[in-house]
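See below for the structure under consideration.
Every read-out reported here was derived from the displayed coordinates using simple, explicitly stated rules and does not represent laboratory data. The model shown is predicted, which means the values in this text are computed figures rather than measured ones. Neighbour counts are summed over all protein chains in view; Cβ atoms, including those assigned to glycine, are modelled from backbone coordinates with ideal geometry.
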């Protein structure tokens with residue numbers, strides 16, 4: 001049965017149990033096959049080159065980087081690569097970034113196996129697959145909340161618990177400049193203080209723990 | 001006191017012939033005021049060759065000139081003594097009194113060659129008294145607890161038979177303030193106090209911030225732990241169970257214990273994830289309802305392949321996160337019901353602010369349905385019940401009008417005050433003022 005109609009799938013997840021489970025679910029389908037498994041961004045890119053799978057299931061949290069980075073690298077090599085994000089994250093920025101990078105589907109882990117199978121068939125067929133919680137999170141995202149590159153850097157250091165002075169030293173900018181960036185960040189995130197900004201950034205997936 | 005003057009000299013004296021007299025007092029030098037000028041038995045008057053008379057008095061030498069500038073029948077006023085808490089001080093123009101003295105006394109005398117019974121005094125301390133004070137025939141004026149400042153003490157003396165003929169003497173002095181009464185000390189003190197308050201505030205702010213930072217750090221650590229151990233483990237097991245389910249024929253039998261476990265594990269994961277991300281505080285973010293409704297409509301248009309239109313959406317800002325979320329969920333459910341069961345040609349959404357109410361309605365022209373208790377729950381969708389519960393939770397109401405073949409209208413009503421976030425209300429109130 002495993003001929004050219006079989007969907008060959010690369011499974012990327014840092015947790016072996018999860019990979020085994022996913023692979024077993026795929027194996028149970030007559031038209032699907034887990035051709036390779038990776039636990040890091042670099043393995044994912046290498047194995048993609050090696051196996052040229054029809055579809056990639058990508059976790060976002062990987063030990064050596066963010067899954068979105070892997071998606072970008074893969075799409076750069078092969079712009080038509082079909083990728084479904086399979087993750088525990090559901091922040092709007094994660095979803096937005098993953099879709100921007102070229103993911104066609106976005107699944108939150110803890111779904112039933114038939115949802116996974118359905119998603120693979122839809123995306124393999126050239127369609128998008130975004131379940132309601134994902135589209136809803138995305139629809140609540142407003143464009144004014146987009147942060148600039150510099151603001152993202154400042155936010156990252158805020159999440160890391162740095163003071164304004166430390167942020168200024170790290171980015172080689174003056175402290176008042178840091179302050180004005182932070183004011184803008186608070187405004188864009190729709191919060192009133194630093195702590196809320198950090199919580200919001202983590203929630204939305206702008207930054208990760 | 002004048003001790004004596006021989007009578008024959010007086011009779012003979014030009015002074016005695018009803019001419020006005022001018023009396024001049026030469027004060028004693030070296031602050032020897034009050035010391036007896038002359039021995040007791042000696043003659044103390046002296047008739048000078050220029051027809052004037054000199055006397056020794058205990059306030060100094062008196063020089064009496066006939067036909068001088070004095071006013072007839074009018075005493076000449078002299079301030080002769082000043083004491084602070086019993087200690088004598090020189091009567092010196094512009095004297096500076098030390099801070100803190102309690103009892104300040106002035107004494108004054110009339111210089112008058114004649115009976116003094118009718119002589120009266122008026123005095124006034126400029127800077128303290130508002131009007132003249134009568135001393136009667138007394139010779140002193142006393143002030144207690146005089147505040148610091150610059151003063152002028154004025155005394156008038158006159159004879160009661162000619163109250164309009166008086167002479168006056170005045171004397172300026174200053175009472176020094178205590179250090180704590182000076183302007184520069186007060187300024188310094190205020191500055192220091194402000195500094196202390198600012199410092200206390202800064203320290204407090206910093207400690208609150210530090211506490212927040214510690215709380216945040218701890219929450220972050222907990223979230224990471226939860227995520228890396230509990231949730232990841234559960235997801236792994238869930239994936240394996242899903243894999244096992246693919247190998248079983250009864251994968252969709254709801255009563256099978258294995259399937260119950262699968263379901264339970266999935267909901268546990270979802271709850272755990274919610275718990276991890278539920279770091280949010282009470283003041284959650286506002287929702288842009290018109291924007292979200294437009295997005296919902298667009299999404300539904302694609303999903304059901306029929307036009308889902310926003311008919312009338314009033315601009316509304318600052319709908320609270322909790323109320324807005326429930327409203328959106330109910331709207332979505334209503335659209336989904338219409339789109340998947342009623343087979344309509346179109347669906348309309350409208351949201352309006354009328355007076356105190358926020359009204360959101362979803363109207364379709366589908367086949368409608370008969371509303372019975374059974375349709376609400378028996379078919380496994382808790383749709384209508386869930387929608388009602390959601391509206392009840394946020395203090396609103398849900399009404400559904402439906403007729404067979406003429407469509408359905410789902411109307412959500414909520415008091416505007418309930419829908420708008422506290423933050424927004426404060427802000428709009430601020431704008432009005």
Taking the mean number of other Cβ atoms within 10 Å as a proxy for protection, how do you rank B:407-413, B:266-272 from highest to lowest?
B:407-413, B:266-272
By the Kirkwood definition, with r running over pairs of different Cα atoms, segment B:76-181 has a hydrodynamic radius in Å of 14.3 Å
If you take the square roots of the eigenvalues of the alpha-carbon gyration tensor of chain A and sort them as a ≥ b ≥ c, do you get rounded (a/c under 1.5), prolate (a/b over b/c) or oblate?
prolate
Report the FRET efficiency, 1/(1 + (r/R0)^6), for residue B:311 and residue B:418, where r is their Cβ-Cβ distance and R0 is 30 Å, rounded to 0.05.
0.80
Chain A: angle of helix A:41-51 to the longest principal axis, Cα-based, in degrees nearest 10
30 degrees
Inter-label distance for residue B:357 and residue B:190, nm, one decimal - labels placed 7 Å from Cα along Cα-to-Cβ:
5.7 nm
Decide, for segment A:116-209, between rounded, prolate and oblate: order the square roots of the alpha carbon gyration tensor eigenvalues as a ≥ b ≥ c, take rounded if a/c falls under 1.5, and otherwise choose prolate if a/b is larger than b/c, else oblate.
prolate
Note on chain A: contact order normalised by length, alpha-carbon pairs under 8 Å, 6 or more apart, percent, works out to 15 percent
Per 0.36 nm of contour for each residue apart, how much would the distance between residue A:42 and residue A:179 grow if the chain were fully extended, relative to their Cα-Cα spacing?
45.6 nm
On C-alpha positions alone, give me the angle between the axis of helix A:175-189 and the longest principal axis of chain A, in degrees, nearest 10.
50 degrees
Quick check: Cα centre of segment A:111-135 to Cα centre of segment A:1-77, how many Å?
16 Å
Rounded to the nearest 10, the angle in degrees between the Cα long axis of helix A:113-124 and the longest principal axis of the Cα atoms of chain A comes to 90 degrees
At 7 Å along Cα-to-Cβ for each site, give me the label-to-label distance between residue B:205 and residue B:406 in nm.
6.5 nm
Full extension from residue B:385 to residue B:225: what is 0.36 nm times the residue separation minus their Cα-Cα distance, to one decimal in nm?
53.8 nm
Would you compute, from DSSP H runs of 4+ residues alone, the mean residue ellipticity of chain A at 222 nm, taking -39500 (n - 2.57) per run and dividing by the full residue count, rounded to the nearest 500?
-16000 deg cm²/dmol
Inter-chain shielding metric for A:15-28, i.e. average beta-carbon neighbours from other chains within 10 angstrom, reads 5
Please give the length that would be gained between residue A:138 and residue A:31 if that part of the chain were fully extended, namely 0.36 nm times their separation in residues minus their C-alpha to C-alpha distance (nm, one decimal).
35.4 nm
What residues from segment B:295-310 fall in the zone where the backbone N is under 20 Å from a label point 7 Å along the Cα-to-C-beta line of residue A:122?
B:295-308
Inter-probe distance in nm under a simple model that places probes 7 Å from Cα toward Cβ, at residue B:48 and residue B:213
9.0 nm
